[in-house]
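These notes are about the structure you will find just below.
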Amino acid sequence: MRSVKSFIAAGAATLLSQAALAADMPIAPPPYAAPVVEDFGGWYLRGDIGFSNQRVDRLNNALDANATTSRQTNTFGTAGIFGLGVGYKVNNWFRADVTGEYRGNSQFLGKDVITFPGGFGTDTYHATKSEWVVLANAYVDLGTWWCVTPFIGAGVGGARVSIANFTDHGITNFGGVTSSSLAFGDNVAKWNFAWAAHAGLAYRVTPNFTVELAYRYLDMGDGLTGDLRTFDGTNAIYNPTTFKHITSHDLKLGVRWDLTSPQVYAPPPLIRKG
């Protein structure tokens with residue numbers, strides 16, 4: 001019995017000595033360093049280039065009231081798009097940015113075949129059009145597969161639509177007599193409410209650099225010319241021409257530069273033995 005008590009006492013003494021030795025040992029550091037939170041948060045810069053495919057519903061003029069029928073064909077040439085912006089990525093699926101862009105000169109050609117009491121005629125229109133567009137956009141990223149992220153988005157803002165070098169060459173036949181006319185409109189620029197819808201694919205090249213291929217539908221409102229007048233400056237009625245409801249189907253190539261430094265983990269510390 002005494003030997004059992006001696007054995008228990010010896011074991012307790014050994015445990016107490018080991019506990020005291022463990023208390024004196026320093027606490028080992030974690031196997032890696034915690035990531036450093038950067039001040040930049042989720043901010044990013046972006047740039048875009050592309051080209052437009054534009055439409056206009058019709059051209060309206062005060063003299064249209066004299067026409068019995070009107071059949072218009074209106075086309076724009078392709079124009080370049082150049083944009084810059086700054087944005088913030090809130091999380092893995094939502095981000096937003098503000099963009100400003102210049103849309104280069106697009107050549108406009110239109111034709112209006114009309115009839116009116118006692119005659120008929122055609123009007124051929126020429127002009128150039130350009131815009132400045134500012135948009136606030138929001139996007140939803142739909143998941144990532146093999147570094148490719150499809151996304152959708154929407155934007156609202158303003159468009160400064162500029163119509164320049166407008167001419168209207170008219171040929172009419174009234175009572176069997178054919179005549180021609182040429183009218184000019186002053187250059188006019190006006191701001192309109194604008195909105196956009198986005199869809200595209202983003203490819204993450206590096207942790208900080210992403211390339212986008214995107215489609216955008218853009219509604220820029222109406223364009224306007226100055227009062228139309230003949231070559232000698234005369235005009236019997238105030239009749240500027242309105243480009244009614246200008247829209248564009250845009251294809252863009254964009255890049256995003258993430259200002260957030262990627263998380264860096266320190267290697268595990270070396271543990272010396274012996």
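The values are calculated or read from the model by the stated rules, or taken from the named source; none is laboratory data. Computed from a predicted structure; not experimentally measured. Counting neighbours? That spans all protein chains shown, and the Cβs are built from the backbone with ideal geometry, glycine included. To get the accessible areas, we keep the full protein, side chains included, count just its heavy atoms, and leave off ligands, DNA and RNA. Shrake-Rupley method; radii C 1.70, N 1.55, O 1.52, S 1.80 Å.
Descriptive notes on the structure:
- Surface share of carbon and sulfur [accessible, 1.4 angstrom probe, percent] for segment 133-239: 67 percent
- LEU84, LEU224, reordered so the largest accessible area comes first (probe 1.4 Å): LEU84, LEU224
- Of the chymotrypsin sites (Phe, Trp or Tyr not before Pro) found in segment 218-259, those in coil by DSSP whose Cβ has at most 16 other Cβ atoms within 10 Å are PHE231, TYR238.
- Environment charge at ASN60 (Cβ cut-off 11 Å; Lys +1, Arg +1, Asp -1, Glu -1): -2
- A full extension of the chain between ALA199 and ARG55 corresponds to an added length of 49.9 nm, given 0.36 nm per residue minus the alpha carbon distance.
- Span from the segment 233-258 Cα centroid across to the segment 191-225 one, whole angstrom: 16 Å
- Nearest-10 value in Å² for the accessible area of TRP195, using the 1.4 Å probe: 100 Å²
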